[in-house]
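Notes to accompany the following structure.
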Amino acid sequence: MAKFDRKTAIVGIGATEFSKNSGRTPMQLATEACLAACSDAGLDSSKVDGMSVFSSEKNTEIEVARNLGIGELTFFSMINHGGGAPCAVVQQAAMAVHSGVADYVLAYRAFNERSWNRFGSGVQGRHQSPEAFDVSFSWTSPFGLLTPAQWVAMFATRYMHAYGATSEDFGRVAVADRRHAANNPAAFFYEKPITLEDHQNSRFISEPLRLLDCCQESDGGQALLITTMDRAAELNQKPAVIASAAQGVAEDQHMMRSYYRDDITGIPEMGLVARQLWKSTGLGPSDIQTATIYDHFTPLVLPQFEEFGFCERGEGKDFIADGNIEIGGALPINTNGGQLGEAYIHGMNGVAEAVRQVRGTSVNQVDHVTNVLVTAGSGVPTSGLILTTET
Amino acid sequence: MSENSSSGLYEELRAMVGLSGNPRVARDPVNVPTTRNWCDAMSEANPNFTDSDMAATGPHGGLVAPPATLNVWTMSGLTMGQQPPRDMAEPSAVVYSKLDAAGYSSVVATNSDQVYHRYLRPGDLITSVTTLVDVSEEKTTALGVGYFVTTEAAFTDQHGESVGSLFFRVLKFKPGTGRTRESKPDPKRDALIEAGLDPDEFFPPEPRPARPRPQWNEDQAWHWEGLRERELRIQRFTDDGTLVHPPANANPNTQSMDYDYVVASGRGTLYSYTVPQYPQVPAFDYPLVVGLVELEEGVRVVSNIIDVPADQLEIGMPLEVCYIDTHDDVTLHQFRPATAPRNETTLCAADVAVGDRLPLCPIPLDHRLIISTALATRDFQDVHHDVAAAKAKGSKDIFMNILTTSGLCNRWVGDWAGPDAMFSKLEVGLGAPNYPGDTMTLSGAVTAVADDGTITVGFKGANSLGNHVTGSVEIVLPDRSAAIGEGS
């Protein structure tokens, strides 16, 4: 058991609207989201003394601190590798407040990844340098493998070949997300559900991935406020207790292109996160009532169920069948609509939805929620956490 | 040209449908030197065609000619650089001449259906009689406005016995009337063209951007230097021989930093792939195929997979390396389907099932192949060997003749089925021309297995412009007892 388990909580969530064109700067979005999270908690923003962000976050903690009236920060950290970070920034915050280096930590992500630049448009114009990370793109970019969708598609083809999964199986994830988004006024695709037929009719982006297998590109900001259970008691909201949180990098890890392992149909770094979370909390798959499963691309949703032991290897397609991951199913996922339906805020909006499920305030509220699982980006060094009602 | 004159032409041509020409006797009997040239040009290695000792023990009891040569022997010759005059007793020749005179001077063959009643033997003297069976109405095609002219030829031997038949269709079209590639309207360029000026001089076309440039440092420079020398180098840690790709600084097992490299054999199999379609980056041609190739040395590399139509990609397919220069100082590896070795033992009917795929066969097209095969098939039409003449007739370059397409298809099916497969029919329809510089990849599968052992293979040959050929071939395979009797 990790020392911070069940000792800290997410006590405030705040977001901007989610759009394709925010009409304002990412810094403005970050400021608005952070202020909203503090307001949600009932905390004066100047009391925040810690910041935990993604290394890909362009709105630096020092500028956001100025905007929030924060005079002194005693803790500030960054987590690398994009979408793998949303649970890890919460873990950083939890460890910081539990250890006493900070009292209140904000984790946030804000960007115009649609109106300012297209997040999915590819790395063909990447910075050229002989540094190792820049060099790492040389094994893929000269061949035209340039976008996250293309990187993921390589895994998807092999997964389909190994386990007989089909494009329809991937489509069921999209249908579930969009069904949930259809009920969520905050979702970009509010009141716009899709059918499996819509999915099958959508064009190929990088075969076997279709348009409707891919998350949105969004403008928006999302912030989370983390503190200790003691301080949580003084604040407005029912605390979403952080049962545990974990990170994972596995053997021969590459950034979304771990193509050189013996088997590429699993997500071993996610398996490492799963092992830590189950061991640390004493919980297991049957204790989880709902989950946010990272859904940048639908094919990598299926093996996450396998890594967490919801089903056997290769049986993700069976697990998600028959509406099992939709409201009314055994494990409704992404009840906000996920990143396909609500918005792509690098997974941070999915953490906020898990908080709402613990509070009992989701637009797609699941009955009798005790424990909610959240996973972060798949294919990258990643993270996960479990929120709970129980200390 | 008024409506009347063209409709008059059509009626004139239609009036000849059903007429047959005089028997045309081949200039020479079926002979081994001509067959040998044909086999060399086609890369046909079936010993039944050229190796008299091997052929003597084969199913024909001696040498035979490749079945696709059925209509080679009665082709006209080429005398002192001149096309022989048309035999105006041939109704098809009359039709062609009338169409030439009306401006439909270009010709492409579009269909050839050969039926083989028996294999030809050296010494056979072939006679053909050609009947005009159809002239279409004027059609608008991608190549131009023209008429489809269909003939049927019957082939007999010196005893008057039928040896086969040929259903043949050509398009006679007006050069320069084809659909040119749609381009965006550009008033500035149009105005310059109108003024008799070359718009390229004023607005030079932008050079195509290069691919994303690979970057390296001293830790990987040896890999990129290897590619310049057409070597795919894989890092090897010298202490325990571990191969690592992408290269690392230390052996993951031992942390030893002593490494050299091995040069990969270049053989591998397809482990996974994707076909990126959006977004499209100008440096690449789409559809693009990016694969993960498992080298026989055990490591995987990302590579483009070329010369494979996307619908023919199959995990596990054998691949071989080739190279492409992308920048002044950068070469990349690429992988294409490995050439399957010729099958030296003939398949039995029982070995074959509907759906069985034939090995992919990429055929690089160059001037030498197109010219040598045209001449080996005794097709002396200038569009198959004379670049200037081909351009004057509206083609961008010389292009492959239909007898060669037929020969290559049969060669490929025979390489798969084995030397003693008996061909009974070959139907080909042509689409996109096979120009030099392109690659045609043949792909196909068994579409029918009849009770009598007749196997039908449906196939296509795709190049960068689309399908050059679609067709089917019928072969008869020995049953298993016959094969066992041969001791194979």
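The values are calculated or read from the model by the stated rules, or taken from the named source; none is laboratory data. In this text the structure is predicted, and so the values were computed from the model without any measurement. Virtual Cβ from ideal backbone geometry, glycine too; neighbours counted across all protein chains shown. Surface accessibility is based on the protein's heavy atoms, side chains included, excluding ligands, DNA and RNA. Shrake-Rupley method; radii C 1.70, N 1.55, O 1.52, S 1.80 Å.
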Where in the range B:303-334 does accessible area fall by at least 50 Å² between the isolated chain and the complete protein assembly, at a 1.4 Å probe radius? B:Ile315
Total charge dipole magnitude, chain A, about the Cα centre, Cβ charges on Lys, Arg, Asp, Glu only, Debye to nearest 20: 380 debye
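Between B:Ser265 and B:Ala250, what length comes free when the chain is fully extended (0.36 nm per residue of separation minus the Cα-Cα distance, one decimal in nm)?
Values: separation 15, 0.36 × 15 = 5.40 nm, distance 2.39 nm.
Roughly 3.0 nm would be gained on extension.
What average number of partner chain Cβ atoms lie no more than 10 Å from the Cβ of the residues making up B:165-177?
Values: counts 0, 0, 0, 0, 0, 0, 0, 0, 0, 0, 0, 0, 0.
So the per-residue partner count for this stretch is 0.
Please give the charge dipole size of the range B:221-337, origin at the Cα centre, charges +1 on K and R Cβ atoms and -1 on D and E Cβ atoms. Round to the nearest 20 debye. Could the numbers behind the result be given before it?
Details: 7 positive and 18 negative charges, 37 e Å.
With Lys and Arg at +1 and Asp and Glu at -1, about 180 debye.
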Between B:Arg357 and B:Glu320, 0.36 nm times their residue separation minus their Cα-Cα distance comes to what? 11.4 nm
State whether chain A is rounded, prolate or oblate according to the following rule on the C-alpha gyration tensor (a ≥ b ≥ c being the square roots of its eigenvalues): a/c under 1.5 gives rounded; otherwise a/b larger than b/c gives prolate, and the remaining case gives oblate. rounded
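Considering only the other residues whose Cβ falls under 11 Å of the Cβ of B:Asp329, what net charge follows from Lys and Arg at +1 and Asp and Glu at -1?
Working: positive: B:Arg213, B:Arg228; negative: B:Glu225, B:Asp325, B:Asp328.
Every neighbour counted, the sum reads -1.
So if we plug the beta-carbon distance of B:Val17 and A:Asn201 into 1/(1 + (r/R0)^6) with R0 = 35 Å, what FRET efficiency do we get, rounded to 0.05?
About 0.15, to the nearest 0.05.
Give the peptides A:271-282, B:247-258 in descending order of average Cβ contacts within 10 Å, highest first.
With the highest mean Cβ count within 10 Å placed first, the list reads A:271-282, B:247-258.
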Against the longest alpha carbon principal axis of chain B, how many degrees, from 0 to 90 and to the nearest 10, is the axis of helix B:91-101 turned? 70 degrees
Which residues of the range B:238-270 bury at least 50 Å² of accessible area once all protein chains are present, versus their chain alone (1.4 Å probe)? B:Pro246
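First select every other residue whose beta carbon is under 11 angstrom from the beta carbon of A:Asn112; then total the charges, Lys and Arg +1, Asp and Glu -1. Provide the component values of the computation, followed by the final result.
Details: positive: A:Lys20, A:Arg24, A:Lys58, A:Arg114, A:Arg118; negative: A:Glu113, A:Glu217, A:Asp219.
Once positives and negatives cancel, what remains is +2.
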Can you pick out the pairs among A:Lys238/A:Lys279; A:Lys238/A:Lys317; B:Lys188/B:Lys393; A:Lys20/A:Lys47; B:Lys172/B:Lys460; A:Lys3/A:Lys47 whose Cα atoms lie more than 28 Å from each other? A:Lys238/A:Lys317; B:Lys188/B:Lys393; A:Lys20/A:Lys47
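Given a Förster distance of 56 Å, report the FRET efficiency between B:Trp222 and A:Asn117 from their Cβ-Cβ distance, rounded to the nearest 0.05.
On the way: r = 36 Å, r/R0 = 0.64.
For R0 = 56 Å, the calculated efficiency reads 0.95.
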Name the residues of the range B:214-237, by number, that are at least 50 Å² less accessible with every protein chain in place than in the isolated chain; the surface is that of heavy atoms, probe 1.4 Å, without ligands or nucleic acids. B:Gln215
Computed about the Cα centre, the charge dipole of the protein assembly as shown from +1 Lys/Arg and -1 Asp/Glu charges at the Cβ has a magnitude in debye, to the nearest 20, of 1180 debye
Relative to the longest principal Cα axis of chain B, at what angle does helix B:402-417 sit, 0 to 90 degrees, rounded to 10? 60 degrees
Heavy atoms only, probe 1.4 Å: what % of the accessible area of the protein assembly as shown goes to carbon and sulfur, would you let me know? 50 percent
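Averaged per residue, what accessible area in Å² does the range B:221-337 show with a 1.4 Å probe, protein chains only? Present the calculation step by step, with values, prior to reporting the outcome.
Values: 4780 Å² over 117 residues.
I get 41 Å² per residue for the range B:221-337.
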Loop trypsin sites (Lys or Arg not before Pro), the range B:154-244 (other Cβ atoms within 10 Å of the site Cβ: 10 or fewer; DSSP): B:Arg179, B:Arg181
What FRET efficiency comes out for the pair A:His368/B:Lys396, r = Cβ-Cβ distance, R0 = 51 Å, nearest 0.05? 0.10
Mean Kyte-Doolittle hydropathy of -0.5 or higher plus an axial Cα length of 15 Å or more: which whole DSSP H helices in chain A meet both? A:26-41, A:86-99, A:148-163, A:268-281, A:348-359
I'd like to know which of B:Ile324, B:Ser272, B:Ala248 lies farthest towards the positive end of the charge dipole of the range B:221-337, counting +1 on Cβ of Lys and Arg and -1 on Cβ of Asp and Glu. B:Ser272
What does the helix-only formula give at 222 nm for the protein assembly as shown: each DSSP H stretch with n ≥ 4 adding -39500 (n - 2.57), the total divided by the residues, and the result rounded to the nearest 500 deg cm²/dmol? -7500 deg cm²/dmol
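Working out 0.36 nm times the residue gap between A:Glu390 and A:Glu72, then minus their Cα-Cα distance, what length gain in nm do you get to one decimal?
Gain in length upon complete extension: 111.2 nm.
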Rolling a 1.4 Å sphere over the protein heavy atoms, what is the accessible area per residue of the range B:1-144, to the nearest Å²? 48 Å²
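Kindly identify chain B as rounded, prolate or oblate by the Cα gyration tensor criterion: order the square roots of the eigenvalues as a ≥ b ≥ c, call it rounded if a/c is under 1.5, otherwise compare a/b with b/c, prolate if a/b is larger, else oblate. Please report the intermediate quantities before stating the final value.
Values: a/c = 2.49, a/b = 1.30, b/c = 1.91.
Taking the square roots of the gyration eigenvalues as a ≥ b ≥ c, chain B is oblate.
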Dipole axis of the range B:12-130 (+1 Lys, Arg; -1 Asp, Glu on Cβ), positive-most option in B:Val94, B:Val72, B:Met54: B:Val94
Packing-based order for B:263-276, A:190-203, using average beta carbon neighbours within 10 Å, highest first: B:263-276, A:190-203
Which one of A:Gln237, A:Ala93, B:Val163 is farthest out on the positive end of the charge dipole of the protein assembly as shown, using unit charges on Cβ (Lys, Arg +1; Asp, Glu -1) and the Cα centre as origin? A:Gln237
Among DSSP bridges having both ends in chain A, what percentage is antiparallel? Round to the nearest 5. 70 percent
Total formal charge among the other residues, if their Cβ is under 9 angstrom from that of B:Pro362, Lys/Arg +1 and Asp/Glu -1: 0
Compute the angle between helix B:32-42 and the longest alpha-carbon principal axis of chain B, please, reported from 0 to 90 degrees and rounded to the nearest 10. 40 degrees
Taking the Cα centre of each part, how many Å lie between the range A:322-384 and the range B:390-464? 55 Å
Zone of A:Ser99's modelled label, taken as backbone nitrogen in the range A:193-228 under 20 Å from a point 7 Å along Cα→Cβ: A:225-228
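Please go through the range A:332-391 and write out the GluC sites (Glu not before Pro) that DSSP classes as loop and that have at most 14 other C-beta atoms within 10 Å. Don't jump to the answer; show the numbers that get you there.
Values: sites: A:Glu342, A:Glu353, A:Glu390; in loops: A:Glu342, A:Glu390.
Here the sparse-neighbourhood loop sites are A:Glu390.
Between A and B, buried accessible area summed over both sides at probe 1.4 Å, in Å² to the nearest 100? List each step's numbers first, then the result.
On the way: alone 15130 and 24160 Å², together 36050 Å².
Using a 1.4 Å probe on protein heavy atoms, the buried area is about 3200 Å².
Averaged across A:149-155, how many Cβ atoms of other chains sit within 10 Å of each residue's Cβ atom? Before the final figure, lay out each step's value.
Numbers: counts 5, 8, 3, 1, 6, 8, 3.
Other-chain Cβ atoms within 10 Å of each residue's Cβ, averaged: 5.
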